[in-house]
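To start, the structure under review is shown below, and the notes come after it.
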Amino acid sequence: MRRVILLALALGIMLVAAPTYAQDNYYDMGVFSLGLGYGFGEDVEPGPFVLSGKYWADVWEVGAEVYFSGDDADEFDQIGTGWLAYRYDVDVEDEGATYLGIGIAGLFEDYTGFENSFGPVGLVGWDSEIWGLELKYQWFDPGIFSFVAYYHLGDE
């Protein structure tokens, strides 16, 4: 549980400090988003809750998320992942944009239940100006899923 709190604190510091830094510099290319959701796995059972943060623009996104349940007895309770993905808008409307994405993901720690520390990531989602939804699949042999609702901290 201590690792979850530390990862959440680090993610929160990044999400608070980075937009302030970006406003004062020319790096203001995208949107910071913070989300909560549900996670599950194929042959492993990660913690069911997901805390996620990402920085994204129209054609790419980079992010990190932590799967947790608060139960220290589970070997896969506190899985931390990060990803970098290319996004392609499938349908853009006034209310928002539906997108598909593909990229690479990595585990923050080496777990014995996974064969790989890096693997492909696939995502499908929808973003409006204020909030968004994203379903993500990260394959580390076996794979893990997350379904997250995001709140956007900046303007799209």
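The values are calculated or read from the model by the stated rules, or taken from the named source; none is laboratory data. Please read all numbers here as calculations on a predicted model, not as lab measurements. Quick reminder, even Gly has a Cβ in these numbers, built from the backbone with ideal geometry, and neighbours come from all protein chains shown.
Some notes on this structure:
- Hits in segment 43-61 - residues which are farther than 23 Å from GLU115 by Cα and of a type in the set (Val, Ile, Thr): VAL59
- Meets criteria (modelled with pLDDT under 90, in a loop (DSSP other than H, G, I, E, B) and surrounded by fewer than 16 Cβ atoms within 10 Å (Cβ to Cβ)) for TYR27: yes
- Of everything in segment 128-145 that is among the charged types (D, E, K, R) and in a loop (DSSP other than H, G, I, E, B), the residue that is farthest from TYR67 (Cα to Cα) is GLU129.
- Top-ranked residue of segment 81-127 - restricted to ones that are part of a loop (DSSP other than H, G, I, E, B) and under 17 Å from the mean Cα position of the chain (by Cα), ranked as surrounded by the fewest Cβ atoms within 10 Å (Cβ to Cβ): GLU109
- Residue ID - surrounded by the most Cβ atoms within 10 Å (Cβ to Cβ), chosen from residues in segment 47-74 that are at pLDDT 85 or above and small (Gly, Ala, Ser): GLY63
- Unique match (being touching a strand residue (DSSP E or B) at 6+ places or on another chain (Cβ under 7 Å) and either over 18 Å from VAL62 (Cα atoms) or of a type in the set (D, E, K, R) (or both)) among GLY103, GLY143: GLY143
- Members of segment 127-152 found to be aromatic (Phe, Trp, Tyr) and touching a residue at least 40 places away in the same chain (Cβ under 8 Å), listed by number: PHE145, PHE147, TYR150, TYR151
- Output for segment 78-89, where each listed residue is among the aliphatic types (A, V, I, L, M) and at pLDDT 90 or above: LEU84, ALA85
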